[in-house]
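Chemist: Below is a structure I'd like to ask you about.
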Amino acid sequence: MLKPQHDVVGGSRAERLAAARLALAAVETRVGTTREAGDRPRLPLTETLEPLLPEGLQRGTVVSVEGSTSLMLALAAGASREGSWAAIVGMPAVGIVAAARRGIDLARLVLVPHPGTQAVEAAGACVDGMDVTLLGPRLALSDQDRRRLAARARERGSVILASGPWAGAHLTLAVERSAWRGLGAGDGRLRERDLTVAVTGRRSGAVRRVRVTLDADATGMRVATGSRVAEEVA
């Protein structure tokens, strides 16, 4: 229980400080803020993308995605379907059709396509309030801004999916190859895209290469399930 008010304000400075710390600790314990981001349940991925990150998206981390906006959206889709809120900041080419196509629930999506000079404030607000925040490659963010956003994600237990390189990212997913399938001998249409993704962790020197298939069929607004997945370690 919290200390009575007179116990916090009375006594010497050291006693007041100790009482205040106890009161704060009691509040943190009750609301659960003492749990580290890594201890909180990870955000799920769709079945197709599970080989990339078998344990899901770890809260409090930054994931750099290089070479594919579709992959970024697909990474957020699993959590969105399970009730998480997502925000897309500084990606004007991405609209509700693209988001829905990749399986993101539009009822829990915030779009900030042109934050302009308020990029830091917009990104910070989304990181504070959303489970997953997708950040575009041309946002006016300094290295210091990026460190602060990463710290806020860690404190809030949210995930940042950053388009392009991000110094200090916990994970980097770099698309090395992309191949479309579906066309026959002069007929048919592009239906699926195979991606070869190099997965690198900040604390691991090993590189995993995983191939996943995204659904490109305009009639289906989802990431394909049951597609072929291959994995190798380099």
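The values are calculated or read from the model by the stated rules, or taken from the named source; none is laboratory data. Because the structure is predicted, anything quoted here is derived from the model rather than measured. In this analysis, Cβ positions are derived from the backbone assuming ideal geometry, glycine residues included, and neighbour counts consider all displayed protein chains.
Chemist: Name the single residue, out of those in the range 126-155 being surrounded by 18 or more Cβ atoms within 10 Å (Cβ to Cβ) and farther than 16 Å from A169 by Cα, that is farthest from the chain's Cα centre (by Cα).
Modeler: So, considering only residues that are surrounded by 18 or more Cβ atoms within 10 Å (Cβ to Cβ) and farther than 16 Å from A169 by Cα, the one farthest from the chain's Cα centre (by Cα) is L139.
Chemist: Keeping to the range 104-121, report how many residues are part of a helix (DSSP H, G or I) and closer than 19 Å to A77 by Cβ.
Modeler: 3
Conditions tested, residue by residue: (1) part of a loop (DSSP other than H, G, I, E, B); (2) at pLDDT below 95; (3) charged (D, E, K, R); (4) surrounded by 12 or more Cβ atoms within 10 Å (Cβ to Cβ).
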position: L24; (1), (2), (3), (4): no, yes, no, yes
position: E55; (1), (2), (3), (4): yes, yes, yes, no
position: M72; (1), (2), (3), (4): no, no, no, yes
position: S84; (1), (2), (3), (4): yes, no, no, yes
